[in-house]
Amino acid sequence: MRFMVFLRSPKPLAARHTDALERAGVLLDAGDLVPHACGVSGYWLIDVRTREEAVERVKRIPLPACVVEIRQVAVV
C-alpha cells in the first residue's frame, strides 16, 4: 500500500530525515513543495504493508514543530 506523508512545518524538511525510510526500503519519493501549499512544506511517498506500519515508521522520525498527515494513495 502506498501512502503520502505530508509535512506541515515552518521550513522545508522533507528531503531531510529520510535515512531510516531509505534503509528500510519503503521510501519511493520525497520532496519539498515550493511555494508551501496550504502550509505543507514537503512530502514522502512510502510503500508499506498497512496504515499502522506507515504510522509507526513516521513516529520513529524526529519531526520537531511539525504536523504530519498520512493519506493512502488510491490504486487505479
Inset, instruction - Name the long-range amide H neighbours of ALA30: under 5 Å, sequence gap of 5 or more, or other chain; modelled H, no Pro or chain starts. - result: LEU45
Inset, instruction - Return the long-range amide H neighbours of VAL73 (sequence gap of 5 or more, or a different chain), with a cut-off of under 5 Å between placed amide H atoms. - result: ARG2, PHE3, MET4
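None of the figures in this text is laboratory data; all of them are computed from the coordinates on show. On a predicted model such as this, the values are computed, not experimentally measured, just so you know.
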